[in-house]
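Have a look at the structure below, then the notes.
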Amino acid sequence: MAAGTDLIAACGLCAMAITAAVAAEPPAHRAMPLAESLSPYTGPVVRGVDTTTLHGTVLCGYQGWFMAKGDGYEPGFVHWGGVDRAPPRCTVDFWPDTTELEPDERFPTNYRHADGTRAEVFSSTVRQTVLRHFRWMQEYGIDGVYVQRFGSCIGNQRDWNYQRTCAVLNLCREGANRSGRAYAVMYDMDFGRRGVDVVMADWTRLIREMQLTRTPAYLRHRGAPVVGLWGYGFGHRAFEAAAAEDLFRFLKDPANGACTILLGVPNDWASWEDDRMRLLTRYATVISPWNVGRYGDPEGARRHAARYWPGDLTFCREHDLEYYAVAFPGFSWANLQKGNSPLNQTPRLGGRFFWSQIEEIRRHGMDNVYVAMFDEVDEGTAIFKCTNHPPVGRFCTYEGLPSDTYLRLAGLAGRFLRGEQVTFPEIAPDPAGTTYTPLPQLVYYREPSPFSEATTRRWQEWFAGNTLLLHEEPYSAWIRDLYNTDAFDIRLMTWRDIVVSPPSAGLMLLAPGNEGFNARSSDVAEIVRTLQRHLQRGGILVIMAGGAYPLFYPGHGSEAARFGFRLEMTNSPRGSRIVFAEALPKGLPAWTMDQGGTSRLMRRELYPEALAYQSLGRVELPDGAIHGDAMALVQPGGPLGKGQILYLASDLLRHPEREGLLDAVLAFLHSRLRQ
């Protein structure tokens with residue numbers, strides 16, 4: 001490893017090593033009994049926003065799923081990850097700003113700030129904290145929230161998760177009524193029979209016992225209470241037409257509120273020609289396609305709107321439906337994905353990314369927006385107060401902007417959509433808030449190597465003198481394995497560094513943890529030219545995939561083909577097996593996959609002009625048919641000269657003998673380098 005990497009590891013991980021001590025005792029709280037959380041509301045009511053319509057509103061999704069050790073419930077830290085472990089690990093990419101919270105609202109973790117102080121989080125089950133969130137909405141002009149209820153959390157009404165979910169809803173109801181905000185329930189669900197039955201059982205209790213919709217703060221539209229049903233029509237969600245129709249009829253029954261149904265749908269919803277569309281046009285009132293992650297910059301947002309919104313809006317007008325656009329401030333879920341996704345995947349650009357979506361919404365004639373989300377730090381879409389000084393680890397910040405920046409922007413968005421003359425606020429970042437540097441992925445997730453000393457020594461001997469220049473993270477698990485052995489001189493670089501000073505010859509490694517180049521789209525062409533030159537010099541390019549379709553997303557397949565890398569878009573069913581070639585020096589036995597394979601495969605037919613093609617890991621279907629290659633070596637030839645590409649598919653990461661597999665691959669690679 002490079003000296004700079006060692007220094008980062010020493011500074012960062014020493015600070016985290018302090019966390020071996022058990023976290024300080026958190027404040028004492030009690031769990032809200034279910035009978036209490038489901039009781040009717042009798043508290044004060046402040047009349048504020050108009051809760052009779054969606055028009056002219058800015059409403060946010062409110063997850064309310066964060067729990068902490070000491071908040072009175074059983075599980076301890078929930079949706080924070082292992083923040084109380086040693087060393088700590090988490091599932092959030094932004095750290096909440098807890099400076100305004102009272103001492104009994106803050107829960108210590110085993111993360112430490114650079115100055116050694118312990119980092120703290122909040123719990124969504126603490127009354128003071130939830131009421132504070134609604135006061136923030138009131139202060140910044142946000143109209144309210146959709147309180148999320150997940151089918152997975154309400155299926156068993158006797159467990160702690162249901163108790164917690166109902167307590168959070170109770171607190172949100174109180175917060176909305178006290179602060180003059182609106183709130184409504186949104187179910188995140190599937191539409192199979194069980195998913196529907198779970199929601200109907202839950203809504204029955206909310207209507208009968210909690211009398212949820214009788215409070216003035218509950219959101220109504222077209223004269224009826226709004227209920228959101230998110231997940232309708234998504235390919236990965238169960239759907240049974242009869243079950244879905246039972247739910248819609250149930251919600252339309254006056255005994256159950258005669259509700260206005262809001263459906264959260266995928267972007268291709270208007271193209272449906274089956275039961276999904278029949279039920280949608282018959283029962284739904286509001287259609288809200290999910291945009292999060294569908295684009296990553298202002299230009300992408302504009303293209304997305306131009307592609308979908310004109311047709312969607314026309315369809316809605318023709319069918320008496322209302323269109324409800326989603327806007328989000330950015331996206332990042334690196335820690336949730338254990339490092340297998342880029343940190344700060346969709347940069348916020350100081351708020352300009354969010355504001356570009358608001359401008360598109362108004363330009364298309366809409367006067368309201370669903371903001372995703374108020375408190376979602378897991379996927380980095382939160383707009384509430386987050387800190388520019390997170391603990392030592394891997395976190396995003398608000399880039400030196402005040403912690404209330406996105407609350408202010410959301411409030412301004414409402415005024416803008418209601419027709420006021422509002423412009424994007426230009427705020428200079430505070431230099432003191434731009435000093436945080438996240439630890440590199442490989443350093444943060446470093447752990448003792450699982451491989452034997454004999455194997456590691458052998459690798460060190462084989463590759464002595466070979467420096468591997470590694471591009472931007474995230475990296476595949478292959479690289480974490482190699483990095484943790486200390487058998488390689490791995491230099492953590494940027495693509496810009498590699499383009500300017502590429503390796504002179506020998507070995508070059510591509511190891512994306514996802515399906516892209518880990519680079520901006522505008523940089524891909526220059527990266528491809530660098531890879532072409534490496535092959536033209538006779539070098540070996542090793543692609544160790546972490547995603548199913550490496551280097552192809554978004555839309556870069558033609559670019560990858562320019563340096564001779566082609567894959568077949570195919571899956572391998574369960575029971576397929578990988579037969580390793582005798583050319584691998586360690587004699588690996590065939591491996592039968594106990595679950596389906598998703599990796600894209602190499603095939604000889606994709607390289608009709610290749611100088612050579614060698615199958616090293618042949619995929620055979622359960623019927624014995626040859627499906628392609630999960631491992632292969634190709635010399636594309638032509639303008640790429642005698643360079644070689646070695647491909648390892650991500651499915652091989654599930655091989656039960658990773659050490660033996662890597663040893664065989666590296667032995668083969670060593671032999672090629674010596675030729």
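The values are calculated or read from the model by the stated rules, or taken from the named source; none is laboratory data. Every value quoted in this text rests on a predicted model; they were computed, and no experiment measured them. So basically every Cβ, Gly included, is an ideal-geometry build from the backbone, and we count neighbours across all protein chains shown. For accessibility, only protein heavy atoms count, side chains too; no ligands or nucleic acids. Shrake-Rupley method; radii C 1.70, N 1.55, O 1.52, S 1.80 Å.
Counting charges near ARG566 (Lys, Arg +1; Asp, Glu -1) among other residues having Cβ under 13 Å from its Cβ returns a value of -1.
Going by accessible surface with a 1.4 Å probe and the largest first, ASP430, ASP93 read ASP430, ASP93.
Taking Cα atoms only, the orientation of helix 127-140 departs from the longest principal axis of the chain by about 90 degrees.
Measuring with a 1.4 angstrom probe and ignoring ligands and nucleic acids, LEU567 comes out at about 20 Å² accessible.
Accessible surface for ILE578 stands near 0 Å², nearest 10, in the context of the full protein assembly shown (1.4 Å probe). List the trypsin sites (Lys or Arg not before Pro) within the range 152-235 that fall in a DSSP loop (any state other than H, G, I, E or B) and whose Cβ has at most 13 other Cβ atoms within 10 Å. The qualifying sites are ARG158, ARG222. Distance between the modelled labels on ASN267 and GLN595, one decimal in nanometres: 2.7 nm (7 Å Cα→Cβ projection). Normalised by the number of residues in the chain, the mean separation of alpha-carbon contacts (under 8 Å, six or more apart) gives a relative contact order of 11 percent.
Given a 1.4 Å probe, how much area per residue of the chain is accessible, in Å²?
39 Å²
Keeping the other protein chains in place, figure out the carbon and sulfur percent of the accessible area of the range 40-192, with a 1.4 Å probe. Roughly 45 percent, rounded to a whole number. To the nearest Å, what is the center-to-center distance of the range 288-344 and the range 526-589, using C-alpha atoms only? First find each Cα centre; the distance between them is then 31 Å. Compared with the dominant principal axis of the Cα atoms in the chain, helix 241-252 is inclined by about 30°. For the range 578-675, the set of trypsin sites (Lys or Arg not before Pro) satisfying both a DSSP loop assignment and a count of at most 15 other C-beta atoms within 10 Å is given as LYS586, LYS642.
Working from Cα pairs under 8 Å separated by at least six residues, relative contact order for the range 303-379 is 34 percent. A helix-only calculation puts the chain at -9500 deg cm²/dmol for mean residue ellipticity at 222 nm, using -39500 (n - 2.57) for each DSSP H run of at least four residues, averaged over all residues. As a calculated quantity, the FRET efficiency between ASP246 and SER558 at R0 = 51 Å, using C-beta atoms, amounts to about 0.60. Of all stretches in the chain that contain no GluC sites (Glu not before Pro) in a DSSP loop with at most 13 other Cβ atoms within 10 Å, the longest one is 101-272. Largest to smallest in accessible area, the residues VAL500, VAL422 fall in the order VAL500, VAL422 (1.4 Å probe, all protein chains included). Cα centroids of the range 87-147 and the range 606-675: how far apart, whole angstrom? Taking the Cα centre of the range 606-675 as reference, the centre of the range 87-147 is 49 Å away. Here the 3J(HN,Hα) profile of the range 385-395, calculated from phi with Karplus coefficients 6.51, -1.76 and 1.60 at θ = phi - 60°, is 6, 10, 8, 8, 10, x, x, 4, x, 10, 9 Hz, Gly and Pro shown as x.
Net length available on complete extension from THR117 to ASP159 is 11.6 nm, with 0.36 nm assigned per residue and the Cα-Cα distance removed.
Between ASN571 and ARG302, the modelled label-to-label distance comes to 3.7 nm, taking each label 7 Å out from Cα in the direction of the beta carbon.
Once fully extended, how much extra length lies between ARG222 and SER671, figured as 0.36 nm per residue of separation less the alpha-carbon to alpha-carbon distance?
Full extension from ARG222 to SER671 adds 154.4 nm.
With angles folded into 0 to 90 degrees, how steeply does helix 453-462 sit against the dominant principal axis of the chain? Use alpha carbons for both and round to 10. Between the helix axis and the principal axis of the chain, the angle is about 60 degrees. Going by accessible surface with a 1.4 Å probe and the largest first, THR346, THR204 read THR204, THR346. Projected label points at LEU621 and ARG127, each 7 Å from Cα along the beta carbon direction, are separated by 6.3 nanometres. Normalised by 2.2 N^0.38 Å, where N counts its residues, the alpha-carbon radius of gyration of the range 532-675 equals 1.00.
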